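The values are calculated or read from the model by the stated rules, or taken from the named source; none is laboratory data. Bear in mind the structure is a predicted one, so any value in this text is a computation, not a measurement. As a convention, Cβ positions derive from the backbone with ideal geometry for all residues, glycine included, and neighbour counts pool all protein chains shown. Keep in mind that these areas ignore ligands, DNA and RNA; they rest on the heavy atoms of the full protein, side chains included. Shrake-Rupley method; radii C 1.70, N 1.55, O 1.52, S 1.80 Å.
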Amino acid sequence: MKDSILVINCGSSSLKFAILANAGQTTLVEGIADRLGSSESSITFKYQEKKSIVMLDEGSHKNAVTQVKLWLNAHSDIEHSLMGIGHRVVHGGEAFTKSVLINQEVINGITDCSKFAPLHNPAHAKGIEVAFELFPGLPQVAVFDTAFHQTLAPEQFLYPIPMSFYREHHFRKYGFHGTSYRYISQRLAQISLGSDQQGVLVAHLGNGASTCAINHGQSSDTSMGITPLEGLMMGTRSGSLDPSLISFISHAENISADEALDILSKKSGLLGVSEISNDCRTLEEAMASGDQRAKLALDMFAARTAKHLASVATTLESIDHLVFTGGIGENSSYLRQVICNHLKALNINIDSTLNEKAPRGTEYDITANNSNTTVWIIPTNEELMIALDTISLIQH
Ligand code: AMP
């Protein structure tokens with residue numbers, strides 16, 4: 001039966017993939033090719049609980065997809081079950097407000113958005129072209145991280161800069177993690193009936209992190225901007241700050257504005273403040289052994305996350321639900337607690353015992369008795385969303 005979808009997520013130097021069957025409910029095989037572009041790249045397949053690694057002679061996206069195809073040739077039952085391919089695409093600009101079946105016009109549109117995502121969109125376009133070449137006849141779908149936020153009102157998405165920049169260059173807030181927010185919104189509506197008619201706050205906290213307000217099932221504000229640098233403090237990204245700092249840093253260090261921006265993207269956030277790591281788990285371990293720099297970095301992360309939750313909440317009529325998701329949101333009881341400590345004035349309270357004992361990888365309600373808002377942990381599932389969009393567009 002043709003019921004499985006190959007989900008491809010092309011990064012600048014990596015390619016993640018998964019094949020999902022049974023309406024996206026079963027993962028048959030998954031894996032990642034990393035260090036693409038270097039001489040040491042490899043691709044890992046995880047199949048039936050076992051991992052196998054293939055070194056890539058030529059570390060290109062094309063070679064990575066070729067290896068997936070070769071693996072499928074050796075597992076012909078899975079190959080024959082494929083009905084389509086779904087691609088995660090970071091930036092869809094204003095052109096793409098929902099997922100679409102890919103044709104040449106769509107590939108051109110994705111390439112046009114490269115100016116806002118120069119590391120990602122060219123890699124996506126490449127991945128799509130290679131997939132058409134290697135899987136001729138299979139329909140392909142693009143699912144955009146920005147699409148869910150195209151419902152923002154102009155007073156939320158415009159920057160207070162001369163309007164000509166928006167008119168001529170489309171400089172505006174786009175927002176990201178949209179596929180994750182759409183999944184959370186739909187999943188919450190299944191486990192808490194009626195939540196799609198209410199106000200929902202979501203903190204997607206991973207190595208990249210953002211917040212989103214969802215009003216009646218539609219994104220009404222989000223913390224990331226024209227790029228994923230705005231908003232929360234992240235693993236290596238500074239998040240929002242006074243833009244004058246770019247000029248101060250470049251003068252003080254005698255570097256260009258682009259180099260200063262690169263520091264805000266790659267050497268700031270948890271890594272920059274802790275001077276230890278960008279990884280939350282590593283910092284929690286360091287904090288547990290008494291490292292004050294790790295504690296400061298984590299506490300700043302929590303304070304800034306709370307601030308951005310409160311900020312996007314201004315677009316809601318009521319804050320009925322708060323959802324934590326992403327690697328940090330799903331696993332760090334410390335950060336969930338500190339974030340919610342900052343939200344007491346909004347009558348958002350969690351039960352410390354429930355928060356501590358929340359089982360990993362499952363949906364869990366951690367609301368305290370005295371809270372006005374229901375607080376949830378919901379593991380996100382972007383691959384499922386991409387598979388479901390792909391199935392639905394192919395079948396129409
Ligand atoms: P993501 O980008 O969603 O994969 O999330 C990655 C982040 O989640 C990293 O900072 C990890 O350290 C963090 N993370 C994963 N598992 C845990 C855990 N058990 N406790 C704290 N942080 C975690």
message: Looking only at residues that are more than 16 Å from the ligand (Cβ to nearest atom) and farther than 21 Å from residue 310 by Cβ in region 353-371, which one is least open to solvent (accessible area, probe 1.4 Å)?
response: 354
- prompt: In region 235-250, which residues are open to solvent by 70 Å² or more (accessible area, probe 1.4 Å) and touching a strand residue (DSSP E or B) at 6+ places or on another chain (Cβ under 9 Å)?
  reply: none
- line: The condition of being out of contact with any Ser or Thr (no Cβ under 7 Å at 6 or more places or on another chain), at positive phi and at pLDDT 95 or above holds, among 177, 170, only for 170
- prompt: How about region 78-109: which of its residues are open to solvent by less than 70 Å² (accessible area, probe 1.4 Å) and in contact with a Pro (Cβ under 9 Å, 6 or more places away or on another chain)?
  reply: 83, 84, 85, 90, 102
- prompt: If we scan region 201-216, do we find a residue that is touching a residue at least 40 places away in the same chain (Cβ under 8 Å), open to solvent by 10 Å² or more (accessible area, probe 1.4 Å), away from the ligand (no atom under 16 Å from the Cβ) and outside any helix (DSSP H, G or I)?
  reply: yes
message: Under 8 Å between Cβ atoms, which residue pairs at least 6 apart in sequence (or on different chains) link something in region 311-337 that is under 17 Å from residue 372 (Cα atoms) and open to solvent by less than 10 Å² (accessible area, probe 1.4 Å) with a partner that is part of a strand (DSSP E or B) and near the ligand (Cβ under 8 Å from one of its atoms)?
response: 324/205
Failed item, numbered, when residue 183 is tested on (1) in a loop (DSSP other than H, G, I, E, B); (2) crowded, with 16+ Cβ neighbours inside 10 Å: (1)
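For region 119-145, enumerate the residues that are under 20 Å from residue 16 (Cβ atoms), open to solvent by 20 Å² or more (accessible area, probe 1.4 Å) and either assigned to a loop (DSSP other than H, G, I, E, B) or of a type in the set (Phe, Trp, Tyr) (or both).
The first filter runs over region 119-145 and keeps only residues under 20 Å from residue 16 (Cβ atoms), leaving 119-135, 138, 140-145.
From the residues that got through so far, the ones that are open to solvent by 20 Å² or more (accessible area, probe 1.4 Å) too are 119-120, 122, 126, 129, 132-134, 138.
Answer for region 119-145, where residues must be under 20 Å from residue 16 (Cβ atoms), open to solvent by 20 Å² or more (accessible area, probe 1.4 Å) and either assigned to a loop (DSSP other than H, G, I, E, B) or of a type in the set (Phe, Trp, Tyr) (or both): 119, 120, 132, 138.
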Qualifying residue in region 225-245 (condition: more than 16 Å from the ligand (Cβ to nearest atom) and not in a loop (DSSP other than H, G, I, E, B)): yes
